[in-house]
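The values are calculated or read from the model by the stated rules, or taken from the named source; none is laboratory data. What you see is a predicted model; the values in this text were computed from it and never measured. Quick reminder, even Gly has a Cβ in these numbers, built from the backbone with ideal geometry, and neighbours come from all protein chains shown.
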Amino acid sequence: MHGESSSSIAWILEVAGASFAGGVVGSISGLGGGIVIVPVLTILMGMPIKQAIAASIVSVIAVSSGAGSVYVKDHITNVRIAMFLELSTALGAIIGAAILAPILNGSVLSIIFGITLLLSLLPIIGNIGEELPEHVHNDRLATFLRLNGDYYDKRLGRIVEYNVAGIPPSMGIMFAAGIISGLLGIGAGVLKVLAHEICMKVPTKVSTATSNFMIGVTAAAAAGVYLHRGLLLPYLVVPVAVAVLVGALLGTKLMEKMSNAAIRKVFAVALAVIGVQMLMRGFGWSF
Amino acid sequence: MDSEKTPPPVTNEIDPKVPASAPRQAPIERNPIQHEFAIQDVSAWVLRIGVVLSTSVMVLGVIISYIHHVPSVHHMKHFVFVDHVSVIWNGVLAGRGGSIIDVGVYLLVLTPIVRVFTSMVLFIVAEKDYFYAVVTFFVLLMTLGALLFIH
């Protein structure tokens, strides 16, 4: 009995440790906790990928809500961008989770995950040192939708105003993000941050905060499927949700004081490391 | 009578307080920035209450199940969420830790959805912005639809 209790507590602490790290990285980078939690649960702890994904969907909701409450209160999140683009993401998430997920196996999921992450590195490295995007003009949709905004940057100590470009391609990427989120349970913050950075060209803090705000809704849309299929393990979900939340709250404190360029570096490193891990797992080269 | 005949001062067409002789601004490339502080502040509270409430319920569930019976790692890796309102409700009434955890998970999943709902209401009530209210309504509809009806 005693051994059972200590080993189950040890298991919970392992899960919680990974989730805490996931919460910190996820809230700073706008990627949600899944980007750390899925690989740790599958590669290091030997959990089946579908259960790991189900747990990470819940972690995404916790990070999005916990960090979101801070970023929204501090007016970094662009609520209009989030609401408008959530339309295409929600649609994509339904299609991904309902139609595509049952016909794909774990290895294929892992390989898609890995390739997605590694490909998204290329454009990010291109402007890795840039603090604020310059010479951005609203496109017509952004003007019509009144998407441009401002935020107070604690690091720069001033209000930063920004325009928003490239809404049509962003809608396409958000749709793809929804599909991948429904498939892989990663909240697809990856694609959401990329749409903000590369198409809309908003400051990285706005990317991160707005993406973070959106992934919770996407994950909630996808969570129903995991609930119905019995893939959510309650004893896995609790340490994940609690620890990821604590990590996310710490992450928001760090993020607001960091420079945009530093946040983009955190984002890039997270992509590279985990992209490689998931490819290795997908091809069966576990370690 | 004379004063009535003096022509009114020439003013800027857009802003009567600014005389026309004032230097014209360069063409504005930026839209006026709109803020929706009401939506942001209410959203922040909804999210905060949601995460605190749901994780507290989850932790309570774990504590209760530890008091009843220490779950083995095997049990933890395989005990599955039963997705039936009646099963969860009976479990909560019977004081089963697993069911209480389930309630917490549902509260967490509902948190962003409640946030979308309150945003929709505030776009109507506080912002009088019906376009975004409709956008938010469709997001809400799809999210609830996915949560409830996709199996």
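Of the set (1) at pLDDT 85 or above; (2) more than 7 Å from chain A (Cβ to nearest Cβ); (3) crowded, with 17+ Cβ neighbours inside 10 Å, all apply to B:Pro112 but (2). For residues in the stretch B:136-151 being surrounded by 18 or more Cβ atoms within 10 Å (Cβ to Cβ) and within 7 Å of chain A (Cβ to nearest Cβ), which is modelled with the lowest pLDDT? If we take residues in the stretch B:136-151 being surrounded by 18 or more Cβ atoms within 10 Å (Cβ to Cβ) and within 7 Å of chain A (Cβ to nearest Cβ), then B:Ile150 is modelled with the lowest pLDDT. Given the condition at positive phi and in contact (Cβ under 8 Å) with a residue 40 or more places away in the chain, answer yes or no: does some residue in the stretch A:84-102 qualify? So far as the stretch A:84-102 goes, no, none of its residues is at positive phi and in contact (Cβ under 8 Å) with a residue 40 or more places away in the chain. Within the stretch B:19-36, can one find any residue that is at pLDDT 75 or above, surrounded by 15 or more Cβ atoms within 10 Å (Cβ to Cβ), under 37 Å from the mean Cα position of the chain (by Cα) and within 14 Å of another protein chain (Cβ to nearest Cβ)? Yes.
Note on the stretch A:65-74: among residues that are buried (at least 24 other Cβ atoms within 10 Å of the Cβ) and more than 7 Å from chain B (Cβ to nearest Cβ), the one that is nearest to A:Lys257 (Cα to Cα) is A:Tyr71.
Within the set A:Ala62, A:Ala97, the sole residue that is within 9 Å of another protein chain (Cβ to nearest Cβ) and farther than 30 Å from B:Ala38 by Cβ turns out to be A:Ala97. Those helices (runs of 4 or more DSSP H) of the stretch A:197-287 in which 1 or more residues are farther than 30 Å from A:Ile159 by Cα, among the β-branched types (Val, Ile, Thr) and modelled with pLDDT of 90 or more occupy A:234-257.
Here is a check on your reading of the model: is B:Ala126 in contact (Cβ under 8 Å) with a residue 60 or more places away in the chain, at negative phi and among the aliphatic types (A, V, I, L, M)? Considered against the rule, which asks whether it is in contact (Cβ under 8 Å) with a residue 60 or more places away in the chain, at negative phi and among the aliphatic types (A, V, I, L, M), B:Ala126 comes out as yes.
Residues that are β-branched (Val, Ile, Thr) and surrounded by fewer than 19 Cβ atoms within 10 Å (Cβ to Cβ) within the stretch A:235-261 comprise just one, A:Val246. Selection of first residues in the stretch A:152-164 that are under 21 Å from A:His137 (Cα atoms) and of second residues that are among the aliphatic types (A, V, I, L, M) and in a strand (DSSP E or B), restricted to Cβ pairs under 7 Å at least 6 apart or on distinct chains, gives the following pairs, ordered by first then second residue: A:Tyr152/A:Ile159; A:Asp153/A:Val160. The set of residues from the stretch B:95-151 being more than 28 Å from B:Ser56 (Cα to Cα) and of a type in the set (Ser, Thr, Tyr) comprises B:Tyr130, B:Tyr132, B:Thr136. With respect to the stated conditions, A:Leu156 is outside any helix (DSSP H, G or I), away from chain B (no Cβ under 13 Å) and over 19 Å from the mean Cα position of the chain (by Cα). Can you confirm whether A:Val40 is within 24 Å of A:Ala209 (Cβ to Cβ) and either among the hydrophobic types (A, V, I, L, M, F, W, C) or surrounded by fewer than 24 Cβ atoms within 10 Å (Cβ to Cβ) (or both)? Considered against the rule, which asks whether it is within 24 Å of A:Ala209 (Cβ to Cβ) and either among the hydrophobic types (A, V, I, L, M, F, W, C) or surrounded by fewer than 24 Cβ atoms within 10 Å (Cβ to Cβ) (or both), A:Val40 comes out as no.
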